[in-house]
1. Label points 7 Å out from Cα along the Cβ direction at A:Tyr180 and A:Val164: separation in nm?
2. Quick one: with all protein chains in place, what share of the accessible area of chain A is carbon or sulfur, to the nearest percent (1.4 Å probe)?
3. So which trypsin sites (Lys or Arg not before Pro) in the stretch B:110-151 are both in a DSSP loop and have at most 11 other Cβ atoms within 10 Å of their Cβ?
4. Using a 10 Å cut-off around each Cβ of peptide A:192-204, what is the average number of partner chain Cβ atoms that fall inside?
5. Which residue, chosen from A:Val33, A:Ile136, A:Leu79, occupies the Cα position most advanced towards the positive end of the dipole of chain A, where the dipole is computed from +1 (Lys, Arg) and -1 (Asp, Glu) charges on Cβ about the Cα centre?
6. If I take every Cα pair under 8 Å that is 6 or more residues apart in chain A, average their sequence separation and divide by the length, what percent do I get for the relative contact order?
7. For the stretch B:17-303, what is the accessible area per residue in Å² when the probe is 1.4 Å?
8. For the pair A:Leu213 and A:Leu121, how long in nm is the line joining their label points, each one 7 Å along Cα→Cβ?
Amino acid sequence: MENPAADLFLHAPTRQRRKLRWPPPAAVQVRWVTRSKPWLFLFCLTPLLLTLWDVYSHQLAADPIKDLTLRSGRWGLRLLWATLAITPLCYITKLRSLVRVRRMLGLFAWFYACLHLGIYLVLDQGLAWQFIGADISKRPYIVVGATTFTILSSLALTSTQGWVRRLGGKNWQRLHRLVYVAGITTSLHFFWLVKSDITRPMVYTLVLASLFLARILHHNARRQR
Amino acid sequence: MILIQRPADITPSEITSEGLFRQRRNLIMASAGLLLGGGIAPATGVAAVSDFPGLKPGPFATDEEKTSFQAVTSYNNFYEFSTDKRQPAKLAKAFKSRPWTIAFGGEIAKQQRFDVDELIKKFPPQERIYRLRCVEAWSMVIPWVGIPLHRVLKALNPSSKAQYVRFETLLDPKQFPGQRGSLFGSSLDWPYVEGLRIDEAMHPLTLLAVGLYGRFMPNQNGAPIRLVVPWKYGFKSIKSIVKIDLVDKQPLNTWNRQAPREYGFYANVNPAVDHPRWSQARERRIGEWSKRPTLPFNGYAEQVAGLYQNLDLRTNF
């Protein structure tokens, strides 16, 4: 019986020449991505698992609520950056199917953002709404934090295929461009809460800027072609 | 003024008796521990060691539960080491806190230098169990070992021109990685500088702390000698002091210089005046889950509110 995958390698029937071809055919890329997805899922869950272990073994900092807030925030931010890195990574590696992990990364970023917000509301503020209300109205970094969360939530809720259909591809894409805004507001949130040493927010913001730049360069190059 | 009306929640008589009670209980536990081969540590979780033989409890002790030695020595804002609160405990291990000289200068009879151990011998320290309230809205209860600052200052014979006291931390980027800075600048301008008005410095609550939990000051807590001003936010309590000057003008303290909108010269604990980025109405006591209301002057209003009768605490935050 003829191998159905064989016709994907029309120009590379031998094993040796198949290795030279880059990017690999879509079907191969899809297979790679599908296989690595469970591992990626586990990887995204590790910060949570490690934190739970630290809670269990009393290894959180002396102010555990602050520690939990910072950890969840840091991982939400990193995963949002990872989500935004997928498209540039597609350009660079020419592996277009990489885009299939983007939704999972984005949902994990939102997941850690939910934990971050939940820890702030329940553990930090003890659901004292008068204080939370005052915080939201008075503190710029809380305002941008809340903005980020609203954006990420609306993107997470409309991340399904069903919503792509309901909104139509164009509208869906327009809505999901809000992720760039979320990246910027996350950076601001970080900058505004740091007391004096801006090294870390600076580094993260530079990474974000380079991800944006990669997109711009790519689009310009394509327009010129 | 609302700030002054609130009475202290504990009367001084209660504080003393409870403090003494705890002292005695710790002593009993400690001796029991010695008898049983050192197997039992007192309730605070610290072995009953003392670097200050014959240490006596001083006044103003709170009977609130003390923050564990572990927490006090592992959660430190000490930017000379790192802006991360867990790092100082790790980075300060090799810090050389002895020999250590403190230079006294400015408007005093004679410029003098004291070795820290000389100072301890000359002015016997006491134990003072104080609340510490950080400007970041967390708090601890710490049994300091300290010399009342007024004793040292009086011995220096300050002139009438001495209106303020200026304190300075050691500048030593070799020992303090935080003083080296990064590509994006340093976290603060070094050396760290703090100041007190002369009446604040002379107040019986104000300490030059040389230890905690009966031990020499751990490196990460500001060894070997630091300031403790319990009614002010923690950043006023400058660490690892090398220089104390009596001056005629208000010193520009480090955080005030860094962000004048956020940190003032006075920095009295005040639940009615928020930090621009967070509320100061409540605080989290380290070791507790829910927040508790913050008291004016960190609960020391009875002792210190009088110092600020003619001062608008909203503008002089």
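1. 2.1 nm
2. Numbers: 9290 of 13870 Å².
Carbon and sulfur atoms account for 67 percent of the accessible area of chain A.
3. Values: sites: B:Lys110, B:Arg113, B:Lys121, B:Lys122, B:Arg128, B:Arg131, B:Arg133, B:Arg151; in loops: B:Lys110.
Answer in residue order: B:Lys110.
4. Values: counts 1, 2, 3, 14, 12, 12, 4, 8, 4, 1, 4, 3, 0.
Across A:192-204, the average partner-chain Cβ count within 10 Å equals 5.
5. A:Val33
6. On the way: 153 pairs, mean separation 40.2, N = 225.
Computed value for chain A: 18 percent relative contact order.
7. Working: 11660 Å² over 287 residues.
Averaged over the residues of the stretch B:17-303, the accessible area is 41 Å².
8. Using points 7 Å along Cα→Cβ, the separation is 3.8 nm.
The values are calculated or read from the model by the stated rules, or taken from the named source; none is laboratory data. Since the structure is predicted, the reported quantities are computational estimates derived from the model, not experimental observations. In this analysis, Cβ positions are derived from the backbone assuming ideal geometry, glycine residues included, and neighbour counts consider all displayed protein chains. When the accessible area is computed, the model is the full protein with side chains, heavy atoms only, and any ligands, DNA or RNA have been set aside. Shrake-Rupley method; radii C 1.70, N 1.55, O 1.52, S 1.80 Å.
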